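Notes follow the structure.
The values are calculated or read from the model by the stated rules, or taken from the named source; none is laboratory data. This structure is a prediction, so every number in the text was calculated from the model and none was measured. All Cβ positions, glycine included, derive from the backbone under ideal geometry; neighbour counts span all protein chains shown.
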Amino acid sequence: MSKKQYCMVIDLNACVGCSACDIACKRENNVPHSFAWSNHIIETSGTFPDVKFRYTPTLCNHCSDAPCVEVCPTTAMHKTENGITMHATDKCIGCSACRVACPYDVIYFNKHKPHEAENPDMAVIPGGTSTPEEVVEDLGVPIPYYNPERAKTLAGVRPRGVIEKCTFCDHRLSDGLDPACVEACPAGARIFGDRNDPESQPSKALSKNHARVLQPEKGTKPNVLYIRDY
């Protein structure tokens with residue numbers, strides 16, 4: 001039997017560009033405001049009224065030949081047995097070699113203290129709602145909007161001075177769940193599973209549709225693939 005290789009197939013014909021995936025990812029993975037593990041590329045071309053619009057969801061491509069893994073001096077960036085490109089926060093020295101090597105601009109560096117509130121002692125409704133500081137103290141969490149599930153396999157909140165990126169929600173996969181972005185998509189545009197299993201949903205989708213990847217000339221063999229179009 002072939003080795004498992006998780007992949008995501010994104011159906012651009014089904015995608016409605018609502019960014020629910022981006023929001024779900026931030027909530028699930030405690031991602032800081034300054035960047036997004038799940039993001040998108042917006043392209044427009046032409047001259048009004050003949051204008052074309054393209055919305056392409058993006059995330060770590062979990063490449064089979066991942067340049068970020070090759071250049072990491074501490075093996076913080078590594079491949080798992082199921083094909084995920086994973087990052088170990090405790091091994092990261094913040095050199096950003098992986099970020100420079102990634103041709104897709106989907107690896108991020110924590111320059112600042114994560115989730116630092118501008119007014120931690122200010123309530124939205126004075127006397128009616130709690131302040132961020134009060135929520136953190138009362139609940140015993142590092143940030144007011146915290147998902148403890150993320151900490152099962154990775155630091156729940158990554159510290160300043162290290163790299164972070166999409167992990168295909170590996171902590172959810174271990175519980176038999178799909179990545180948060182897949183679950184949140186209202187149009188069913190994200191198809192996730194083992195591409196080496198001919199009975200998986202991604203394999204079936206890829207067998208019926210011509211697939212493309214971002215920057216194929218880089219030769220990284222991405223495991224995020226796009227089918228159909230607008």
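Search region 101-117 for residues that are within 19 Å of E133 (Cα to Cα) and pair each with any residue that is basic (K, R) and surrounded by fewer than 20 Cβ atoms within 10 Å (Cβ to Cβ) when their beta-carbon atoms are under 9 Å apart and the residues are at least 6 apart or on different chains.
Pairs found: H112/R160; K113/R160; P114/R160.
Taking the residues in region 155-167 that are farther than 20 Å from G140 by Cβ and in contact with a helix residue (DSSP H, G or I) (Cβ under 9 Å, 6 or more places away or on another chain) as candidates, determine which candidate is surrounded by the fewest Cβ atoms within 10 Å (Cβ to Cβ).
V162
For region 105-126, does any single residue satisfy the condition of being within 25 Å of D175 (Cβ to Cβ), in contact with a strand residue (DSSP E or B) (Cβ under 7 Å, 6 or more places away or on another chain), among the aliphatic types (A, V, I, L, M) and in a loop (DSSP other than H, G, I, E, B)?
Taking every residue of region 105-126 in turn, at least one turns out to be within 25 Å of D175 (Cβ to Cβ), in contact with a strand residue (DSSP E or B) (Cβ under 7 Å, 6 or more places away or on another chain), among the aliphatic types (A, V, I, L, M) and in a loop (DSSP other than H, G, I, E, B).
Rundown of residues vs (1) on the phi > 0 side of the Ramachandran plot; (2) modelled with pLDDT of 95 or more, yes/no style:
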residue	(1), (2)
C98	no, yes
Y104	no, yes
Y108	no, yes
H115	yes, no
G128	no, no
Y145	no, no
K152	no, yes
I163	no, yes
D170	no, yes
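Give the number of residues within region 171-205 that are part of a helix (DSSP H, G or I) and of a type outside the set (V, I, T).
Of the residues in that region, 12 qualify.
Being farther than 15 Å from P57 by Cβ and not in a loop (DSSP other than H, G, I, E, B) is the filter here, so list the residues in region 206-217 that pass it.
Across region 206-217, the qualifying residues are L206, S207, K208, P216, E217.
Is it the case that some residue within region 80-99 is within 30 Å of R228 (Cβ to Cβ), in contact (Cβ under 8 Å) with a residue 12 or more places away in the chain and among the charged types (D, E, K, R)? Outline the logic, then answer.
Pass one, region 80-99, residues within 30 Å of R228 (Cβ to Cβ): 80, 82-86.
Now drop any that are not in contact (Cβ under 8 Å) with a residue 12 or more places away in the chain, which leaves 80, 82-86.
Filter again for among the charged types (D, E, K, R), leaving none.
Checked against the condition, which is being within 30 Å of R228 (Cβ to Cβ), in contact (Cβ under 8 Å) with a residue 12 or more places away in the chain and among the charged types (D, E, K, R), region 80-99 yields no hits at all.
Identify all residues within region 194-230 that are crowded, with 19+ Cβ neighbours inside 10 Å, touching a residue at least 40 places away in the same chain (Cβ under 8 Å) and either polar (S, T, N, Q) or at positive phi (or both); write none if there are none.
Hits for region 194-230 are T220, N223.
Would you check which residues across region 95-108 are crowded, with 19+ Cβ neighbours inside 10 Å and touching a Lys or Arg at 6+ places or on another chain (Cβ under 8 Å) and list them?
V106, I107, Y108
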